[in-house]
Amino acid sequence: MRIVPRKIFLLFLSMVSLAASLSLNAQSNKKGIYIINAVSKIPVQEASVKSEEGSFTALTDDNGFIGINKLGETSTKLLISCIGYQPLSIHVDSIIFLNNIATVNLWPKVNSMEEIKISAIANKGIFKTISDFDIHLRPINNSQEVLRMVPGLFIGQHAGGGKAEQLFLRGFDLDHGTDINITVDGMPVNMVSHAHGQGYADLHFVIPEIIDKVNFNKGPYFADKGNFTTAGYVAFKTKDYLENNFAKIEVGQFDTYRTIAGINLLKPQAERRNQSLYFAGEGSFTKGYFDSPQDFSRFNGMLKYHGAIGKNNTLTTTLMAFTSKWNASGQIPDRAVESGLVGFYGAIDNTEGGKTSRYNANIELMTNLANGGLLHNQIFYTRYKFELYSNFTFYKEDSINGDQIRQKENRNIWGYNGSYQKDFYIGKFKTATTAGIQVRYDEIDNIELTRTKDRILNTKEIMFGDINEFNAGTYWSQQLSLSSKLDITGALRADYFANSYNNKLTDTLLSSNSTILSPKLNFNYRLNDKVQLYWYNGRGFHSNDTRVAVQENGKKVVPPAYGTDIGGIFRVGKKVVLQSALWYLWLQQEFVYVGDEGVVEPGGQTQRMGFDFSARVEVAKKLFADIDLNVTHPRALGVAKEEAYLPLAPIFTSAGGLTYRKEQGWNGSLRYRFMGDRPANETNTVIAKGYFIIDAAINYTNKNWEAGFSVQNLLNTKWKETQFDTESKLQNEPAPVSEIHFTPGSPFFARLSLTISF
């Protein structure tokens, strides 16, 4: 039995495809300008275009296009700016139009802080300025750096590199993604009702060098972000264009090797590149720094087309393929290291590890409508496989065969995202409508939790069945500009969930459904060119695992979260930008499915409050400093004060560093990350120790090549990357012992790289 039969869902997508194809006939008589990179001829996306007197302001679209029909007759000069480009001031009369279309070139350069514009975009939030500046100055060099771009977000690996990282943000131990919404090109990364845990978010299918933008924000304040958006969201966008063909090779300690190439498959046009087709591929291998070889291998491939179809439509299609396998040393108890049973980088069960694969197909159609609106249609499909072997308790449950478990699943995901945007005026007030529909259907076959020995022998079946989960969401957001300084955005989101679980061990079929409404109300106040304040309020949620939802029959299985943020972004002088926020987040009771044990653990209400602070400073010409500080107070409600601590929730974190950046010549960075001590249990009687790590990188960049040298953990600090208060029993021990179990962080790890562009 299927909640949403596959044929019906595919019929729905076919109808959407038909509607999208009809939109190809939409006509527009827009007068506009294409903003183009003067060197590569690639469109400059999200460039700011303003009239000198401030009556007109807009951003370029994915084709670098900006319509200027609404440009006032008294507007004589346009101010054009974008991070990574030299600002341009141009007289309207000097622009040469052909059939109402013109092209304007921007020259790329490393920005000065003086040129950064202070602004909060209603649908992307207060962090937009910081995220664009960070990714421009600190290009991502490895998969872990992908998530470290988000201020306050920390990650930890505890299963040999191939498993999704453990995440920490705003007083949450997010496990692998329970309370953070992660997407890539609009496709969901979080896996609902996953074999290992709800919200499992594995980003290893993304090639870091192909990432173009990292949009993020914190809190449940944005209507287009649904499931898992409580602590915040991260939205990655891959490049629509490759500036050049490139090939890169990395060689490092611990038998580490990585190669990547990106190839343009269409010849660039001389004046303006209005379409692109490229292939990118990545292969990597490392034995790792553990005593037992990790033998971690990963292969990624990506084919992407992006181009204009006629004057008013843009088509983007993407195919991705990813496969990975690894061995893992798992988590080891303190007592095993202290007694000399294993070394700091040793293992109790060296047969842990796993393999996984993911294949994505994504089609997006953007249409500029005759009424000035923007229509977005997206259809995506994911084929996903996962198999993981772990051993957390060693011989506690089975003193003969051990406690190794296998978590395994095969999954198909079908989805659709559609949105409509339109700017218009109500009297003299500018307003903007954004409305959308989001549909996702997960079909998970043979999801299992089985006790095993040496990955071969099955000793006990714990969970085995099929899951079907359907989520349909719709939202409406209305932004109203009451003045040139004050914007108010009100929004409402509605979500419907239908879940079913076919338990093949007991031959039972259970199902449930639930709904939730999520209102939002946000204020942005631009005091002047140097100060912008905001106050965001909203209700969000994360869904619980289907195996929990069907047991509770729809009761409290989509627990709400209520949040509020108040803060601002500030320019101090010409070369300092600050961002700060005071925030509060309350969560209703949740039911948690513990994938490692196949049981349900009820939890109570929680609250988190804190303070975030970020600073970006231009210390000298081409030398930039940044720092992020995050202080949180996470507590459980309705329990005794001495038992109200939230295990592993971060209390104080900080990250920052120095970056020296030039277009050509020497570049480098020195960065730190600090995680303070935090409770490992509800009574704070067991402590997860903090750490302070320094990383460094230096590169020499030429027009056609770049050579680099990077070091993780420059000071060779011995540190525990992930820690858990776990009860376990070693072989021949008389009784279980509860204490810290940990996975060691990387020691000094040096790598060389060479990139050739052609």
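A few remarks follow.
- Qualifying residue in the range 530-542 (condition: surrounded by fewer than 15 Cβ atoms within 10 Å (Cβ to Cβ), of a type outside the set (Val, Ile, Thr) and either within 23 Å of the chain's Cα centre (by Cα) or at pLDDT below 85 (or both)): no
- Test: residue 753 is on the phi < 0 side of the Ramachandran plot, touching a Gly at 6+ places or on another chain (Cβ under 8 Å) and outside any loop (DSSP other than H, G, I, E, B): yes
- If you go through the range 171-195 and keep only what is assigned to a loop (DSSP other than H, G, I, E, B) and under 22 Å from residue 414 (Cβ atoms), you end up with 177, 185, 186, 189, 192, 193, 194, 195.
- Residue check, residue 460 under 30 Å from residue 331 (Cβ atoms), within 28 Å of the chain's Cα centre (by Cα) and surrounded by fewer than 16 Cβ atoms within 10 Å (Cβ to Cβ): no
- Flag if residue 267 is surrounded by fewer than 17 Cβ atoms within 10 Å (Cβ to Cβ), at negative phi and either modelled with pLDDT of 95 or more or of a type outside the set (Asp, Glu) (or both): yes
- Selection within the range 674-692 - part of a strand (DSSP E or B), under 20 Å from residue 724 (Cβ atoms) and not hydroxyl-bearing (Ser, Thr, Tyr): 675, 678, 679, 687, 688
- Residues of the range 424-450 satisfying the condition of being under 28 Å from residue 183 (Cα atoms), touching a Leu at 6+ places or on another chain (Cβ under 9 Å) and surrounded by fewer than 20 Cβ atoms within 10 Å (Cβ to Cβ): 431, 432
- Close contacts from the range 423-452, counting a first residue that is free of Cβ contacts under 8 Å to residues at least 60 places away in the same chain and a second that is in a strand (DSSP E or B) and among the acidic types (Asp, Glu), with Cβ to Cβ under 6 Å and a gap of 6+ residues or different chains, come to 445/466; 450/461.
- Residue 739 being surrounded by fewer than 19 Cβ atoms within 10 Å (Cβ to Cβ), modelled with pLDDT under 95 and not hydroxyl-bearing (Ser, Thr, Tyr): no
- In this structure, residue 267 does satisfy being without any contact (Cβ under 8 Å) to a residue 24 or more places away in the chain and in a loop (DSSP other than H, G, I, E, B).
- Of all residues making up the range 344-392, the number that are in a loop (DSSP other than H, G, I, E, B) and closer than 30 Å to residue 291 by Cα: 10
- Sole exception among (1) under 30 Å from residue 746 (Cα atoms); (2) surrounded by 18 or more Cβ atoms within 10 Å (Cβ to Cβ); (3) not small (Gly, Ala, Ser) for residue 291, by number: (2)
- Flag: residue 77 matches the condition of being modelled with pLDDT of 85 or more and surrounded by fewer than 20 Cβ atoms within 10 Å (Cβ to Cβ).
- Within the range 653-671, being among the charged types (D, E, K, R) and crowded, with 18+ Cβ neighbours inside 10 Å holds for 661, 671.
- Residue within the range 266-279 that is under 27 Å from residue 401 (Cβ atoms) and of a type outside the set (Val, Ile, Thr) present: no
- Residue in the range 288-296 that is part of a loop (DSSP other than H, G, I, E, B), at positive phi, in contact with a Gly (Cβ under 6 Å, 6 or more places away or on another chain) and touching a residue at least 24 places away in the same chain (Cβ under 8 Å) present: no
- Of the set (1) surrounded by 16 or more Cβ atoms within 10 Å (Cβ to Cβ); (2) farther than 27 Å from residue 704 by Cβ; (3) touching a Phe, Trp or Tyr at 6+ places or on another chain (Cβ under 8 Å); (4) in contact (Cβ under 8 Å) with a residue 24 or more places away in the chain, all apply to residue 302 but (2).
- Residue match in the range 307-319 (condition: farther than 30 Å from residue 368 by Cβ and modelled with pLDDT of 95 or more): no
- Test: residue in the range 179-186 that is out of contact with any Ser or Thr (no Cβ under 6 Å at 6 or more places or on another chain), surrounded by fewer than 24 Cβ atoms within 10 Å (Cβ to Cβ) and without any contact (Cβ under 8 Å) to a residue 24 or more places away in the chain: no
- Any hit, the range 660-668, residues being in contact with an Asp or Glu (Cβ under 7 Å, 6 or more places away or on another chain), in a loop (DSSP other than H, G, I, E, B), more than 29 Å from residue 610 (Cα to Cα) and outside the structural domain of residue 334 (by TED's automatic domain parsing): no
- Yes/no for residue 168 being touching a residue at least 60 places away in the same chain (Cβ under 8 Å) and either surrounded by fewer than 23 Cβ atoms within 10 Å (Cβ to Cβ) or outside any loop (DSSP other than H, G, I, E, B) (or both): yes
- From the list 623, 582, the one residue that fits, being among the hydrophobic types (A, V, I, L, M, F, W, C), at pLDDT below 95 and within 27 Å of residue 530 (Cβ to Cβ), is 623.
- Filter pass, residue 493 being surrounded by 22 or more Cβ atoms within 10 Å (Cβ to Cβ), touching a strand residue (DSSP E or B) at 6+ places or on another chain (Cβ under 8 Å) and basic (Lys, Arg): yes
The values are calculated or read from the model by the stated rules, or taken from the named source; none is laboratory data. Remember, predicted model here, so these are calculated numbers, not experimental data. Reconstructed Cβ throughout: ideal geometry from the backbone, glycine too, with neighbour counts over all protein chains shown.
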